[in-house]
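Down below is the structure, laid out as structure tokens.
No lab work stands behind these numbers, since they all come straight from the coordinates. All values derive from a computational prediction rather than experimental measurement. FYI the Cβ positions are ideal-geometry reconstructions off the backbone, even for glycines, and counts take in every protein chain you see.
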Amino acid sequence: MGYVGLPTAVEFHRAGFEVIGMDVDAKRLAAIREGLVDSVSASPDELLDAVNGDGFFLTDEIARVAGADVVIVCVPTPIDSAMVPDTTSLKEACRQVVTHAREGQTIILTSTTFVGCTRSYLAGPLEDRGFRIGRDVFLAFCPERINPGNGTTGLDQVPRIVGGMTPECTAAAAAVVDRITPSLFPVSSPEAAEMAKLVENTFRAVNIALANEFADAARVLEIDTNEVLQAAASKPYGFMPFSPGAGVGGHCIPCDPHYLLWQLRSERVQSPVIDQAMAALASRPVKVVDRAIDLLGQNLRPIRGSRILLVGLAYKPGVEDVRESPALAVAALLRRRGAIISAFDPMVSRLVQDGNGDVIRNGNPPDPDDVDMAIAFTVHPGSDYEWLKRMPLVLDTTYRLDSSPQVVRL
């Protein structure tokens, strides 16, 4: 019941389904019951209305899978420190679904994963139990398309891809998903749907890396990055704007392309463009630190002992999620250089750890006299950042702050 499962459950409940939300984390379920989560497009009141209303149940009892007509698997699919897919949670979730599967069920996998996963983790084991796919049970891959923090395009406004193991499987899954989406795009197989999802997020990763390179070039050539990107975006075809920044965060962009790279390496297929793009994104925090050191040096300040405020710990505007946030990587690098780190993020109310595992204390905007440099990573809509203008020096990695003498872009 994370950033995919919870909004999916709420949408199906809105559509009139009886919903059982299952998660092995009891603390997560308790937080959902209290409305203390941000990973859903509904307002806190709407979430509480759904959770406390008729036909919405939360449980950590996996055996209740057997009582469902439709089972939707949406668990995290991260990567490990070696950039190798970690499918531990997905394997276990699929194993439990297979164990408790019954005749007549429609099973839909939504987690972003490698090509062939639906067939390997679900179809094969179901057949080993004696189920006939497309007759006894119906199995499909329907990749999630959720954009956390997007207040304009909800889950019910995004078309969905559906790829079943058989035409009957596609039809069964489509009949379910059609209730919460404006349109469907059926494909010939789960593998086609799995690959489509990897293409979507790899496309974004490569283009963000390219936008970063253009921003670096524009700075060297003393051209305004935003002006250039806005001018290029005036072309009505053949161009799609992407914003530069300090790197990429969240669960999708830093992770998903590595599922494709891992699989291609196993097939001995080279993918130099994707490889280079992901390497460039991973090294972006180093560029932020180098730029900060250079700017401090221009003001005759060494990095060691400098008081640096990180503005925005969340990986993107409008969310409190700090997973893979570039700000945390930068914090770890700066601390290794001897900097004194503090942070401000109005969306993040808890203590977080940087890339070294050290705690970053998130508080109120500090007095300008207590800061040598502020580095802006994320600015949330509706929050006041006027106080940044009183800071002695601001490194803007968002490319979104208003121009002022003390604000310098990455």
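Residues of region 121-143 falling in the label zone of THR99, defined by backbone nitrogen less than 19 Å from a point 7 Å along Cα to beta-carbon, are 121-131.
The SER183 and GLU46 beta-carbon pair, evaluated with R₀ = 35 Å, returns a calculated FRET efficiency of approximately 0.90.
Placing unit charges on the Cβ atoms of the charged side chains and taking the dipole of the chain about its Cα centre, the candidate lying farthest along the positive direction among GLY363, ALA343, LEU393 is LEU393. When each of PHE239, PHE377, PHE203 is scored by the number of other beta-carbon atoms lying within 10 Å, the sequence from fewest to most is PHE239, PHE203, PHE377. Between VAL269 and ARG337, the simple spin-label model (points 7 angstrom out along Cα→Cβ) gives 4.0 nm. Listed by chain and number, the lysines placed with their C-alpha closer than 30 angstrom to that of LYS235 are LYS197, LYS316; residues fewer than eight positions away on the same chain are left out. For ILE72, the residues 5 or more places off, or on other chains, whose built amide H falls under 5 Å of its own are ILE108.
Think of region 198-278 as having a plus end and a minus end, set by charges on the Cβ of Lys, Arg, Asp and Glu; of PHE214, LEU261, PRO236, LEU261 sits farthest toward the positive end of this dipole. Karplus-derived 3J(HN,Hα) values for region 106-117, using 6.51 cos²θ - 1.76 cosθ + 1.60 with θ = phi - 60°, are 9, 10, 10, 9, 10, 5, 5, 7, 6, 5, x, 5 Hz; glycine and proline are entered as x. Note that region 291-305 has calculated 3J(HN,Hα) couplings of 5, 4, 4, 4, 5, 5, x, 4, 9, 6, 10, x, 5, 5, x Hz, one per residue in order, obtained from phi through the Karplus relation 6.51 cos²θ - 1.76 cosθ + 1.60 (θ = phi - 60°); glycine and proline are x.
By how many nm would the segment from TRP387 to ARG304 grow when fully extended, if each residue of separation counts as 0.36 nm and the alpha-carbon distance is taken off? Walk me through the intermediate numbers first.
Details: separation 83, 0.36 × 83 = 29.88 nm, distance 2.51 nm.
The span from TRP387 to ARG304 would gain 27.4 nm if fully extended.
The separation of region 190-210 from region 96-158, counted between C-alpha centres, amounts to 19 Å. Taking amide H atoms as placed 1.01 Å from N in the peptide plane, the amide H of ARG409 lies under 5 Å from those of ASP396, each 5 or more residues away in sequence or on another chain.
Among LEU334, LEU393, which comes first, then next, by fewest other beta-carbon atoms within 10 Å? Don't skip to the end; give the middle numbers.
On the way: LEU334 24, LEU393 21.
Listed from fewest to most nearby Cβ atoms, that is LEU393, LEU334.
For the chain, the 222 nm mean residue ellipticity estimated from helices alone, with every DSSP H stretch of n ≥ 4 adding -39500 (n - 2.57) and the total spread over all residues, rounds to -11000 deg cm²/dmol. Between ASP294 and SER89, the FRET efficiency from the beta-carbon distance, with R0 = 45 Å, is close to 0.60.
When each of VAL322, VAL24, VAL65 is scored by the number of other beta-carbon atoms lying within 10 Å, the sequence from fewest to most is VAL24, VAL65, VAL322. Taking 0.36 nm per residue of sequence separation and removing the Cα-Cα distance, the LEU210/SER404 pair yields an extension gain of 67.2 nm.
Close amide H pairs (under 5 Å, H built 1.01 Å from N) link GLY134 with LEU139, residues at least 5 positions away or on another chain.
If you place +1 on the Cβ of every Lys and Arg, -1 on the Cβ of every Asp and Glu, and leave all else neutral, what size is the dipole of the chain about its Cα centre, to the nearest 20 Debye?
Details: 38 positive and 51 negative charges, 184 e Å.
That gives the chain a dipole magnitude of about 880 debye.
Here region 231-274 is scanned for amide nitrogen atoms under 16 Å from the site 7 Å beyond the Cα of ALA217 along Cα-to-Cβ, giving 231-233, 239-245.
What whole number of Å gives the distance from the Cα centroid of region 1-27 to the Cα centroid of region 298-346? Cα centres, region 298-346 to region 1-27: 34 Å. Within the listed set SER234, SER111, SER325, the residue fluctuating most in the Gaussian network model of the chain (springs between alpha-carbon atoms under 10 angstrom) is SER234. The angle between the Cα long axis of helix 5-14 and the longest principal axis of the Cα atoms of the chain comes to about 60 degrees, rounded to the nearest 10.
Maximal additional length on extending the ALA66-ALA282 stretch stands at 73.5 nm, based on 0.36 nm per residue less the C-alpha distance. Computed 3J(HN,Hα) for region 237-253, one whole-Hz value per residue from the Karplus formula 6.51 cos²θ - 1.76 cosθ + 1.60 where θ = phi - 60°, is 8, x, 8, 9, x, 10, 9, x, x, 8, x, 10, x, x, 8, 8, 4, glycine and proline marked x.
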